[in-house]
Structures are given as structure tokens and as C-alpha cells.
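For reference, the structure discussed in these notes is given below.
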Amino acid sequence: MKEKDKNYLSAVIYLGNEKDSVKTFLEMLTQCLEERFEHYELIFVEDASQDGTEEEVRAYLAAMEAPPATTIVHMSLRQSLELALNAGVDIAIGDFVYEFDSMQMPWPPQLVMEAYEACLEGSDIVAVAPKRNRGVFSNLFYTLFNSSSGSKYPLRTEAFRVLSRRAINRVRSVSGRAPYRKAAYAACGLRLRHLEYQGEAAGSNEALRFSRALDSLAMYTSLAFKISLGIALFMMILMLVAVVYTLVVFLGPFVNPSPGWTTTMLVVTGGFSGVFLILAVVLKYLSLLVELVFKKQNYLVESVEKIT
């Protein structure tokens, strides 16, 4: 009989409204972890699911002969996938930690252990991802992010990931919180590897993807600076055009001087548009700085319940 792995393994699982996926997912996961690890724990983060997902989890664990160490984290209110998984990872004690964004399984089960093996081979972060990103918005976001982040590890749609304890500690040392985990992992400086599978990505469990995308673009890329610089250059060109037009009108021998209303409105409109766009970028950065510096409570947990 093969000796089981001595590493302690934590699996952090997000509970959205996925009642129909609970049994299949937990059968697969517990079988994989039981066969490989001597000790492991399950951490479920219940983020105000409303379809009985938590009850299905409890029923499955109650029917197990020897359930593993299990914790259910109850969020105070629906707070999105990112904050919920941060809460779960914060209480995980494993040498390696899985993050499951969803209990849907468009990926083959063997990738659970393949990701762990890849982590043992030297990659501190291993993510399992579909070959294609999720939709047009995702493609646009990842194109903008990857072109401006400066990281050698491009971001993409992911299904789940496994992290070494060193990766978790590194991210925490860089920032007290991770508003966008994938971006924080790609920027932490440790080796990241993607394992691909054929198929679609699981459905998103959160409704704040657009806000999260804006936050991550501001924090982890130079896109805002490039936009501000582009606006400034456009305004300079606009001013030069206005100057040339004015000189032609007033100095040209064959051109009758115009009242200048068109030129004035063009400059004023373009100038104010550029100013307000730049102010919007500045305000976005200021709001993020205020949140990161002064908001000590990153998420709100109602209770932490040890089941077994």
C-alpha cells in the first residue's frame, strides 16, 4: 500500500448557489484527497447562498463514515467571490491550499492531483484554466491587463488553483489584502503555471466582476497612467491645431477672420473633457488608497463553525 503524503492540505471552497453540483464535486474531491493525503481539511465559505447549497454540504458530510476536519465560514452578507475566498484562506492551515471558485466541474477530475504535482515540482502557484477565456468582456479585460501589467505570467480565466504556503505568505507580505487574487499571485514574483483543459469555464458566482476589474487595472497595471498620458497628448495636439487654425484665419491674406466661436468651443470642450477624464482616474486611485490604508476590516464574517 502506497504511503500517504505527509503534507497537510487545505481546500477552500466557495459556496454560491450551486446545490445541484455539491454531491458530484464533494465525491470527487474527498476521494482524491483521501487517497493522497494523510491529513486534510475542508473550508467552505458560505456567501449568502439561497438555494440550500449549505444544507447539501452538511448532508453529504453527515453521511460520510469518517468526515475530514471541516469548517464552514458564514459571511455576514454577500460580499463577492474575492473577499469570501480571502476569508477562507486566512483560516486555512495547510502546507498547500486549494482555492475552488465554483463546485461546477467542466474540468477533468485528474487535474486536482496534477495541479498538486506541478506545485511539488517547483511552481508555487498552479492554476487550472480552460483554453478559452469567459466571454468578450473577459477577453478585453485580460488583453488590457496583460499588456500593461509588466508580469511575465499573463492572467486568464481560471477554474481553481493550488498555492504553496510560501505563495500565501508572500502575497500577505506584499499587501495586507488581495482585492484580486489572480493579479496578486501573478505579481508576487513566484513561479506560476497554468494547466489547461478543453471546455468552458464554470459560471461566475459573483456580481461585482466589473468593479473588481477596474480595481485590479488600477492597482496592478500602468493602464491608468497610459490613458492619462494619451489624454494629455491629445489635448496638446488639439491646442496646436487650434493655434494653427487661428494663425491661418487671422494672418492669411485670402481668409476672412471668423468670430472664433468654433475654435473656442472646441478648445474648451476638449480641455474640460480631458480634465474630467484625468480626474476620474485620479479619484479611482484615491479611493483605492483610502480603502487599502484606512479600511482595516477587509471582509465581514458572521461566524466560523467547526463541524468535525
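Just to be sure I understand the model, the point goes 7 Å from the Cα along the line to the Cβ. What's the resulting L223 to K4 distance in nm?
Inter-label distance under the simple model: 4.4 nm.
Would you mind getting the Kirkwood hydrodynamic radius of the stretch 9-220 from its Cα pairs, rounded to one decimal in Å?
The Cα-based Kirkwood calculation yields 17.4 Å.
Show me the GluC sites (Glu not before Pro) within the stretch 1-54 that DSSP assigns to loop and that have at most 12 other Cβ atoms within 10 Å of their Cβ. Present the calculation step by step, with values, prior to reporting the outcome.
Details: sites: E3, E18, E27, E34, E35, E38, E41, E46, E54; in loops: E3, E18, E38.
Of the GluC sites (Glu not before Pro), the ones in loops of the stretch 1-54 whose Cβ has at most 12 other Cβ atoms within 10 Å are E3, E38.
Kindly flag which residue pairs out of K2/K23; K131/K152; K226/K284; K152/K226; K152/K182; K131/K182 have an alpha-carbon separation exceeding 22 Å in this structure.
Values: K2/K23 27 Å; K131/K152 18 Å; K226/K284 15 Å; K152/K226 19 Å; K152/K182 13 Å; K131/K182 17 Å.
Result: K2/K23 exceed 22 Å.
Above 24 angstrom, tally the Cα pairs of the stretch 37-143 and express them as a % of all pairs, no decimals.
Result: 37 percent of Cα pairs exceed 24 Å.
For the stretch 52-63, just list the computed ³J(HN,Hα) in residue order, Karplus coefficients 6.51, -1.76 and 1.60, θ = phi - 60°, integers in Hz, with x standing in for Gly and Pro.
Karplus values, whole Hz, x for Gly and Pro: x, 4, 4, 5, 5, 4, 4, 5, 5, 5, 5, 7.
Can you tell me the alpha carbon radius of gyration of the stretch 70-118 divided by the globular rule-of-thumb value 2.2 N^0.38 Å?
1.32
Per the 1.4 Å probe, what fraction of the accessible area of the stretch 9-220, in percent, lies on carbon and sulfur atoms?
50
Taking amide H positions as placed 1.01 Å from N in the peptide plane, with prolines and chain starts having none, which residues 5 or more places from Y197, or on another chain, fall under 5 Å of its amide H?
Correct list: A129, K131.
Give the long-range amide H neighbours of E158: residues separated by 5 or more places, or on another chain, with amide H under 5 Å away, using H modelled in the peptide plane at 1.01 Å from N.
Hits under the 5 Å cutoff: none.
I need the phi-derived Karplus couplings for the stretch 183-200: 6.51 cos²θ - 1.76 cosθ + 1.60, θ = phi - 60°, integer Hz, Gly and Pro marked x.
5, 5, 5, 5, 9, 6, x, 8, 5, 10, 9, 10, 10, 9, 9, 7, x, 8
The values are calculated or read from the model by the stated rules, or taken from the named source; none is laboratory data. In this text the structure is predicted, and so the values were computed from the model without any measurement. Every residue, glycine among them, receives a Cβ derived from its backbone with ideal geometry; neighbour counts consider all protein chains shown. Just the protein is used for accessible areas: all its heavy atoms, side chains included, with ligands, DNA and RNA removed. Shrake-Rupley method; radii C 1.70, N 1.55, O 1.52, S 1.80 Å.
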